[in-house]
Amino acid sequence: MVLENLTDFESSKNHWGRVFAFGFFVNTVSLVVASIIFEPAAGLVALFLVSAAAFPLMSKIFEAEETIDVSGGGHFLERHGKMLKIYSGFFMGVLLSTSISYFSMDQAHANDVFSFQLSALKSSHIGDRTTGAAFDASTFNVILVNNLRVAFISFAVSMLFGAAAVFIVTWNASVIAVFAGILAKASAMPLAGYGVVASPLAFLFGLFSATGSIALHGIPEIMSYFVAGLAGGIISTGIEKEKLNSERFRKVAKDGVILFTIAILMIFVAAAIESY
């Protein structure tokens, strides 16, 4: 595959920008191809194309993580920090590409291409919740159950299908990106008097407004999905490469369980923040 050769694990693990550029490029190409061939469901088809392009890189991440766990080198965060950085770079690349695509399309076309993302936004009510003065227990429970479900799905898909969990990362990035695009479009008219810089200003305003409005709870929430997916992928690779009753596999499983526990704790923190 040509696209997967644009980056490799060894060069990516130390260069966040390279993974960001990879995510941006493959997502842009996938959206163009999907819009031409599968317009009624282009936003969803593009996610599958992006996931397919990123699959080899993510597979190498899980293999490297499993090897690191077996060797036991370095402390826990040192062993897994670079892999989470790769995930975040890819996520941000997809987010920026999708938000630019949504903003640049006329509304009717954007509604067709991103119909699934728009439906997800409507059902989740992102942006509708306002900061309150007191903790809302019922809201906390709803958010907690939903986010735990996504984390468990990320973990289970990674453990059963390995790097296929990158689809969940890409999906979350695309939904947030469409939210940013909506705010950017809403800002375009008030900024029309600024001439040629009106569109870039509107896009930047929408992007920062969207990410800023969800950053406090969104960062631990999204990171928890990364960590849950990483945990499942490590265990999956361990099952594939090691004997289940061996000491090597126990080391891998231990780190996987720790990572998944961290993901669950992050979910609780994110839900508590979002409920205020």
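Of all residues in the range 21-48, how many are part of a helix (DSSP H, G or I) and surrounded by fewer than 21 Cβ atoms within 10 Å (Cβ to Cβ)?
Going through the range 21-48, the residues part of a helix (DSSP H, G or I) turn out to be 21-37, 39-48.
Applying the additional criterion that residues be surrounded by fewer than 21 Cβ atoms within 10 Å (Cβ to Cβ) yields 21, 24-25, 28-29, 32-33, 35-37, 39-41, 44-45, 48.
The qualifying residues number 16.
What number of residues within the range 240-263 are within 17 Å of F155 (Cβ to Cβ) and surrounded by 17 or more Cβ atoms within 10 Å (Cβ to Cβ)?
From the range 240-263, those within 17 Å of F155 (Cβ to Cβ) are 240, 252-263; that's our starting set.
Next cut, surrounded by 17 or more Cβ atoms within 10 Å (Cβ to Cβ) only: 252-253, 255-256, 259-260, 262-263.
Total meeting the criteria: 8.
Do we have A64 as at pLDDT 90 or above, part of a helix (DSSP H, G or I) and within 22 Å of F226 (Cβ to Cβ) here?
Working: at pLDDT 90 or above: no; part of a helix (DSSP H, G or I): yes; within 22 Å of F226 (Cβ to Cβ): yes.
Spelling it out, it is not the case that A64 is at pLDDT 90 or above, part of a helix (DSSP H, G or I) and within 22 Å of F226 (Cβ to Cβ).
Right, S213: closer than 20 Å to V142 by Cβ, touching a residue at least 24 places away in the same chain (Cβ under 8 Å), part of a helix (DSSP H, G or I) and over 16 Å from the mean Cα position of the chain (by Cα) or not? Quick ask: steps written out before the conclusion?
On the way: closer than 20 Å to V142 by Cβ: yes; touching a residue at least 24 places away in the same chain (Cβ under 8 Å): yes; part of a helix (DSSP H, G or I): yes; over 16 Å from the mean Cα position of the chain (by Cα): yes.
When the stated conditions are applied, S213 passes them.
Look through the range 1-20, keep the residues that are hydrophobic (A, V, I, L, M, F, W, C) and surrounded by 19 or more Cβ atoms within 10 Å (Cβ to Cβ), and return whichever of them is modelled with the highest pLDDT. Write out each step before concluding.
Going residue by residue through the range 1-20, those that are hydrophobic (A, V, I, L, M, F, W, C) are 1-3, 6, 9, 16, 19-20.
Adding the requirement that they be surrounded by 19 or more Cβ atoms within 10 Å (Cβ to Cβ) leaves 19-20.
Details: V19: 85, F20: 89.
Here the residue is F20.
Would the range 256-271 turn up any residue that is out of contact with any strand residue (DSSP E or B) (no Cβ under 6 Å at 6 or more places or on another chain), part of a helix (DSSP H, G or I), at pLDDT below 85 and among the small types (G, A, S)?
Pass one, the range 256-271, residues out of contact with any strand residue (DSSP E or B) (no Cβ under 6 Å at 6 or more places or on another chain): 256-271.
Checking which are part of a helix (DSSP H, G or I) leaves us with 256-271.
Retained after the next criterion (residues that are at pLDDT below 85): none.
No, the range 256-271 contains no residue that is out of contact with any strand residue (DSSP E or B) (no Cβ under 6 Å at 6 or more places or on another chain), part of a helix (DSSP H, G or I), at pLDDT below 85 and among the small types (G, A, S).
Any residue in the range 175-204 that is closer than 15 Å to D106 by Cβ and at pLDDT below 70 sitting within a Cβ distance under 8 Å of a residue that is surrounded by 12 or more Cβ atoms within 10 Å (Cβ to Cβ) and of a type outside the set (K, R)? List the pairs, counting only those 6 or more apart or interchain.
A188/A198; A188/S199; A188/A202
Does V227 qualify as being in a helix (DSSP H, G or I) and modelled with pLDDT under 85? Please lay out each step first, then the result.
Values: in a helix (DSSP H, G or I): yes; modelled with pLDDT under 85: no.
Answer is no for this residue.
Scan the range 118-131 for residues that are modelled with pLDDT of 75 or more and hydroxyl-bearing (S, T, Y) and jot them down. Lay out the reasoning, then the answer.
The first filter runs over the range 118-131 and keeps only residues modelled with pLDDT of 75 or more, leaving 118-122.
S119 - this is the single residue of the range 118-131 that is modelled with pLDDT of 75 or more and hydroxyl-bearing (S, T, Y).
Take the residues of the range 132-174 that are at pLDDT below 80 and within 14 Å of the chain's Cα centre (by Cα): which is nearest to I273 (Cα to Cα)?
A165
The values are calculated or read from the model by the stated rules, or taken from the named source; none is laboratory data. Computed from a prediction, not measured in an experiment: that's the story for all the values here. Cβ atoms come from the backbone with ideal geometry, glycine included; neighbour counts cover every protein chain shown.
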